[in-house]
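Data first, discussion second: the structure below is written as structure tokens.
The values are calculated or read from the model by the stated rules, or taken from the named source; none is laboratory data. Predicted, not measured: the structure shown is a model, and the values here were computed from it. We place every Cβ from the backbone using ideal geometry, glycine too, and count neighbours over all the protein chains shown. Remember, those area values only see protein heavy atoms, side chains included, never the ligands or the DNA or RNA. Shrake-Rupley method; radii C 1.70, N 1.55, O 1.52, S 1.80 Å.
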Amino acid sequence: MHMRKGEKYTSAMRQELILKSLKEEQRPITGSEFAKKTNVSRQVIVQDVSILKAKNEPVIATSQGYMYIKKPTLEAAHKLVVACKHSSDQTKEELTIIVDHGVTVKDVTVEHPVYGDLTASLMVSNRHEVEQFINRIHDSKASYLSILTEGVHMHTLEADSKEKIDAACKDLQAAGILL
């Protein structure tokens with residue numbers, strides 16, 4: 001979709017651009033990137049993504065930006081939910097242990113006494129993404145969800161082999177992080 005300078009994107013055009021871009025990219029794309037491309041605020045992009053989700057498009061918001069979730073491939077068919085407990089200071093260590101084994105941390109879930117399960121998408125697969133996630137938490141002065149549950153939380157892990165997940169779990173156990 002090529003626009004002339006000064007021409008405005010309609011909501012439908014922005015949504016088409018968002019979907020096309022997310023389907024073509026392997027990396028997450030931030031709302032700010034889309035906002036800059038289409039000359040609108042990030043909040044307008046958030047609304048466009050909400051509309052896409054309401055139309056059952058598999059778009060998720062991760063800590064690194066938006067992603068289009070493609071159908072699982074046979075390569076990434078191994079999943080495991082693990083329960084962990086650690087202090088906020090050990091978050092980087094935990095995530096690094098996992099990604100160093102070639103395992104993706106898809107999400108984090110805590111069990112809240114009022115709201116029930118609260119799940120946030122992480123989609124962290126390498127040390128660079130771990131660093132970005134930690135920096136985002138720090139820079140925004142946000143808290144980790146696990147602060148609500150005295151450090152207890154769950155992660156969905158995904159890898160192309162069961163052995164990678166098993167090795168990550170073994171190292172988490174050795175670090176005193178796995179419950």
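Points worth noting:
- The single condition among (1) exposed (fewer than 13 other Cβ atoms within 10 Å of the Cβ); (2) modelled with pLDDT under 90; (3) over 29 Å from GLN15 (Cβ atoms) that LEU179 does not satisfy is (1).
- The single condition from (1) loosely packed, with under 14 Cβ neighbours inside 10 Å; (2) more than 18 Å from ARG27 (Cα to Cα); (3) not polar (S, T, N, Q) that ARG136 fails is (2).
- Test: residue in segment 90-105 that is modelled with pLDDT under 85 and either touching an Asp or Glu at 6+ places or on another chain (Cβ under 9 Å) or over 19 Å from GLU24 (Cβ atoms) (or both): no
- Taking each residue of segment 1-19 that is closer than 9 Å to THR38 by Cβ and open to solvent by less than 70 Å² (accessible area, probe 1.4 Å) and looking for partners that are at pLDDT 75 or above and in a loop (DSSP other than H, G, I, E, B) with beta-carbon atoms closer than 8 Å, six or more apart or interchain, yields MET3/TYR9; TYR9/ASN39; TYR9/VAL40; ARG14/VAL40; LEU17/TYR9.
- In segment 161-178, residue nearest to VAL103 (Cα to Cα) [restricted to those that are outside any helix (DSSP H, G or I) and touching a His at 6+ places or on another chain (Cβ under 7 Å)]: SER161
- When VAL110, VAL130, VAL152, VAL114 are screened for being free of Cβ contacts under 8 Å to residues at least 40 places away in the same chain and touching a strand residue (DSSP E or B) at 6+ places or on another chain (Cβ under 6 Å), only VAL130 passes.
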